Structures are given as structure tokens and as C-alpha cells.
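The next block holds one structure in the form of C-alpha cells; read it before the comments.
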Amino acid sequence: MDWPHAPLHRFVEGDAIYFVTAATYLKQHFYRTAKRLDALQSRVFALAREHECSLQAWSIFSNHYHLVVSADGEKVREMLTRLHTAEGLDANEIDGTPGRQVWFQFRETELTFERSWLARLRYTHENPVHHRVVPDATLYRWCSASWFESNARPAFVNSVRNFKIDRVNVADDFEVSLD
């Protein structure tokens, strides 16, 4: 029976594409500085490599992140679990707050339709604009928008950039902050 107080994690066996959203506990801004965001992003990249997860898009903020990642479901679960454990320990050591909960939950959605995948790619790339952090997502260094535009085929970049996202339903009511 499903437990109604936490998101269910239904990762599939074999390769799949997932849209992941994770939040800090009580939406607290534990990653408010550039140094902390750099460290979090570096750890996301390192664990993705270690767990053979291919990051297709990312947006990382002071109190949440979004990822589009392809891999075997169990590898994605392991990557996210290790990320939250290690980051919680590091944040608590830096702040001198042992035992404090840093990460709350993550939600993943398997993207089984091309339209869902394209919409989430754009949504993730454009998230810094959504949160009014920057006027152009390519200016936000903890986001994949600039990387995507430099590395993907121009026709694909244009397809994703022009894809409608007004119907994408993502719980993303976070206030974002940087010092």
C-alpha cells in the first residue's frame, strides 16, 4: 500500500529518462552562496559520472534543483541518495549543525513521451528565468542552458527553445535567493 505522506519512487529497471525535482528541508536556502552552489553542482556532476547517469539538463538553486537524467532507474536512485546524504553532512559540518536535516525529498517522473521530455528539457533550462534570477537562462552558471546551446545541434536547440511549457505541471513554488 502506498504511503500518502511522501512521494513514491518508482524507478524502472533498465534505461529511462527522468525529470527530478528535489527540495531542501522547509525550502531553506542552504546553498545561498556561489561557493556552495559550485560545490553542489560539482557533486551532482561527479555522482552522475560515478553512477553512469547522463545529465541532459540541470538547474541548481539555493533551496532546490531540477534534473533531466537518463540511466537505469536504480542508478538514478543511488545517485540521488548519495547526493543528499553527502551534501547534508557537508552543509552541517560547514554550518556547525550536526544532525540537521538538509534535504527533504525528491520527486521523479519517468518521461515516456517525447513531448514530455522536450517540455522538461526547456523547463529545466529556463528555470532561472522562471525564478527571476536572470533575464536569460544562459547567464546562470548553475544551469545547463548555456552548455546546451553550445553542445547540441542548432536545430535541436531551436526545437527545445520553441517548445511550449505552459502546460508543464511542476511543483516549483520556491523563492530563490543568492547572497
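The values are calculated or read from the model by the stated rules, or taken from the named source; none is laboratory data. Because the structure is predicted, anything quoted here is derived from the model rather than measured. Please note: Cβ atoms are built from the backbone with ideal geometry, for glycine as well, and neighbour counts cover all protein chains shown.
All of Arg115, Arg82, Arg141, Arg132 fail the test of being of a type in the set (Lys, Arg), farther than 18 Å from Ser54 by Cβ, at pLDDT 95 or above and not in a strand (DSSP E or B), apart from Arg141. Applying the set (1) in contact with a Lys or Arg (Cβ under 9 Å, 6 or more places away or on another chain); (2) in contact (Cβ under 8 Å) with a residue 24 or more places away in the chain; (3) small (Gly, Ala, Ser) to Ala71 leaves exactly one unmet item: (1). Residue count for the range 120-140, restricted to those that are surrounded by 15 or more Cβ atoms within 10 Å (Cβ to Cβ) and in contact with a helix residue (DSSP H, G or I) (Cβ under 9 Å, 6 or more places away or on another chain): 14.
Take the conditions (1) in contact with a strand residue (DSSP E or B) (Cβ under 9 Å, 6 or more places away or on another chain); (2) touching a residue at least 12 places away in the same chain (Cβ under 8 Å); Ala34 misses just one of them, which is (1). List pairs: first residue in the range 153-177 and more than 21 Å from Phe30 (Cβ to Cβ) and surrounded by 13 or more Cβ atoms within 10 Å (Cβ to Cβ), second residue among the acidic types (Asp, Glu) and modelled with pLDDT of 70 or more anywhere in the structure, Cβ distance under 8 angstrom, at least six positions apart or on different chains. Final answer for the pair search is Val157/Glu149; Ile165/Glu126. Scanning the range 96-105 turns up at least one residue that is surrounded by fewer than 17 Cβ atoms within 10 Å (Cβ to Cβ) and at pLDDT below 90.
Thr21 satisfies every condition listed in (1) at pLDDT below 95; (2) over 12 Å from the mean Cα position of the chain (by Cα) except (2). If you go through the range 149-163 one residue at a time, do you hit one that is of a type in the set (A, V, I, L, M, F, W, C), outside any helix (DSSP H, G or I) and either more than 22 Å from His51 (Cα to Cα) or modelled with pLDDT under 95 (or both)? Within the range 149-163, one or more residues are of a type in the set (A, V, I, L, M, F, W, C), outside any helix (DSSP H, G or I) and either more than 22 Å from His51 (Cα to Cα) or modelled with pLDDT under 95 (or both).
Report whether or not Ser42 is in contact with a His (Cβ under 7 Å, 6 or more places away or on another chain), under 11 Å from Trp142 (Cα atoms) and at pLDDT 95 or above. So Ser42 does not fit the description; no.
Of all residues in the range 106-119, those satisfying the criterion of being within 21 Å of Asp72 (Cα to Cα) and crowded, with 18+ Cβ neighbours inside 10 Å are Phe106, Glu108, Leu111, Trp117, Leu118. When each of Asp166, Asp90 is tested for being part of a loop (DSSP other than H, G, I, E, B) and not polar (S, T, N, Q), the lone residue that passes is Asp166.
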